[in-house]
Amino acid sequence: MNELQRRNYQSREEAIPLAPQTGRLGLSTLLSQELAATWASCGTFEWIAFGYLALSTVLIALFAEHLAHPVKLIGAQALVAAIILILCRAEACDGSKGTGKSACPTFEARFWHFWRHWYPHLFFLFCFEELSRLVHLVNPGWEDAKLLAVDRWLTGVNPSLWLEQFARPGLTEFMEFSYFTYFLFLLILGGILYYQRDFKGYWAVMTYSAVGYIFGYVISMLFPVQSPWFTLAGMWHGDLIGGPFTALINFIEKCGRVHGAAFPSQHVAGAMAALWGAWRHRRWLFWVFLPFVACMCVSTVYVRNHYVADVLGGMVTGTLGYVLGCRVIKVASLQKDKPDATDRPFNTEVTASGEGR
């Protein structure tokens, strides 16, 4: 074997052990890039959602002895976070297929784009229903007596019991309809903004709602309240009798009523966040919403689901959600570094429809 052949042989021997290491480095780099791209696809709403999931997970871990299945709850939190990340990443990958730029996007692109924008409604529902398991996370008792005292101090009576004297089928049906309108405010405002492709306004409204709701979720964990429905059970002279909306609300409450989490009223907080969102982004819709929101606030007491103090608390947290949400969005807008991004949360160009209309 001459000198040249010997050198070539040694070079091949030295190269053999390096191949697996190069492969490992390549896989590590690929995973790192994918994780970075997934995180970059998240917007301000996701940062807030992950912050709440992280906070509630820490509280579950700290007060695990107060819960029946803390590991399952933490697992559910992790699953929800994973689903959010998958939706963000999938929509980001399909965004180049034309949802924001092409006149004829693919079905796959439309599918991911839709769920990427509408999953917040399901996230809010998950968090609220989860409160039935977290309501005694810190405090094992109920604090209804304090709110009953506040109501009596404010009004001189027990409002839920006092309103029973006015109960009539027609009035009950109207109140139950007013109570039902809560489910429509965010859907209507979000639907209009989504249809008009004002995605910046759409995600701003979702952020106001998220901040307002999270205030309520955390307060409910620290200050558990049942609601008059449970506390005053047996003191009513009869059930509220109405029509189809009464039957519909009874069905919804039967399937999804949460025992606890009454203070502050999430109904009122969500309605206030949507109302302020309409004021900022579609002013004409604010005036349409206003009388319905006012009637809904009264209805929460009439249908025996909330104290007056709950309503006031919901007004405060919903308004805080709007005020702080605006500030969070402003900070996020100043820090964004992708001016050429498409219609992802707060990386969106302002549409021709603008704000405040």
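The values are calculated or read from the model by the stated rules, or taken from the named source; none is laboratory data. Predicted, not measured: the structure shown is a model, and the values here were computed from it. So basically every Cβ, Gly included, is an ideal-geometry build from the backbone, and we count neighbours across all protein chains shown.
Report every pair of residues separated by at least 6 positions or lying on different chains whose Cβ atoms are under 9 Å apart, first residue within region 177-193 and part of a helix (DSSP H, G or I) and modelled with pLDDT of 95 or more, second surrounded by 20 or more Cβ atoms within 10 Å (Cβ to Cβ) and among the basic types (Lys, Arg).
LEU189/ARG282; ILE192/ARG282; LEU193/LYS200; LEU193/ARG282
For region 143-166, which residues satisfy the criterion of being closer than 19 Å to SER220 by Cβ and touching an Asp or Glu at 6+ places or on another chain (Cβ under 8 Å)?
Matches in region 143-166: LEU147 only.
Note down all Cβ pairs under 9 Å where the first residue falls in region 28-46 and is hydrophobic (A, V, I, L, M, F, W, C), the second is exposed (fewer than 11 other Cβ atoms within 10 Å of the Cβ) and not in a helix (DSSP H, G or I), and they're at least six residues apart or on different chains.
ALA40/LYS338
Can you find a residue in region 238-251 that is modelled with pLDDT under 95, among the polar types (S, T, N, Q), surrounded by 18 or more Cβ atoms within 10 Å (Cβ to Cβ) and within 24 Å of the chain's Cα centre (by Cα)?
Of all residues in region 238-251, those modelled with pLDDT under 95 come to 238-251.
Now drop any that are not among the polar types (S, T, N, Q), which leaves 246, 250.
Narrowing further to those that are surrounded by 18 or more Cβ atoms within 10 Å (Cβ to Cβ): 246.
Of the ones still in play, those that are also within 24 Å of the chain's Cα centre (by Cα) are none.
The answer is no; no qualifying residue exists.
Given the criterion of a type outside the set (Val, Ile, Thr), surrounded by 18 or more Cβ atoms within 10 Å (Cβ to Cβ) and modelled with pLDDT under 95, identify the matching residue among CYS93, CYS88.
Matching residue, one of CYS93, CYS88: CYS88.
Within region 131-174, take every residue that is touching a Ser or Thr at 6+ places or on another chain (Cβ under 8 Å) and among the charged types (D, E, K, R) and give me the one that is surrounded by the most Cβ atoms within 10 Å (Cβ to Cβ).
Among those residues, the one meeting the criterion is ASP144.
Have a look at GLY234, GLY201, GLY216 and point out the one that is assigned to a helix (DSSP H, G or I) and either farther than 22 Å from GLY314 by Cβ or without any contact (Cβ under 8 Å) to a residue 60 or more places away in the chain (or both). First the steps, then the outcome.
Values: GLY234 fails: assigned to a helix (DSSP H, G or I); GLY216 fails: either farther than 22 Å from GLY314 by Cβ or without any contact (Cβ under 8 Å) to a residue 60 or more places away in the chain (or both).
After applying the criteria, what remains is GLY201.
From VAL288, VAL258, grab the single residue that is of a type outside the set (D, E, K, R) and touching a residue at least 60 places away in the same chain (Cβ under 8 Å).
Numbers: VAL288 fails: touching a residue at least 60 places away in the same chain (Cβ under 8 Å).
Only one candidate passes the filter, namely VAL258.
Against the definition (surrounded by 15 or more Cβ atoms within 10 Å (Cβ to Cβ) and in contact with a His (Cβ under 9 Å, 6 or more places away or on another chain)), how does PRO105 come out, yes or no? Give the steps one after another, and end with the answer.
Values: surrounded by 15 or more Cβ atoms within 10 Å (Cβ to Cβ): yes; in contact with a His (Cβ under 9 Å, 6 or more places away or on another chain): yes.
Criteria met by PRO105.
Name the residues in region 143-170 that are outside any helix (DSSP H, G or I) and either under 18 Å from PRO264 (Cα atoms) or not small (Gly, Ala, Ser) (or both), would you? Working first, answer last.
First, pick out the residues of region 143-170 that are outside any helix (DSSP H, G or I): 143, 156-158, 167-168.
Of everything in region 143-170, those that are outside any helix (DSSP H, G or I) and either under 18 Å from PRO264 (Cα atoms) or not small (Gly, Ala, Ser) (or both) turn out to be GLU143, VAL157, ASN158, ARG168.
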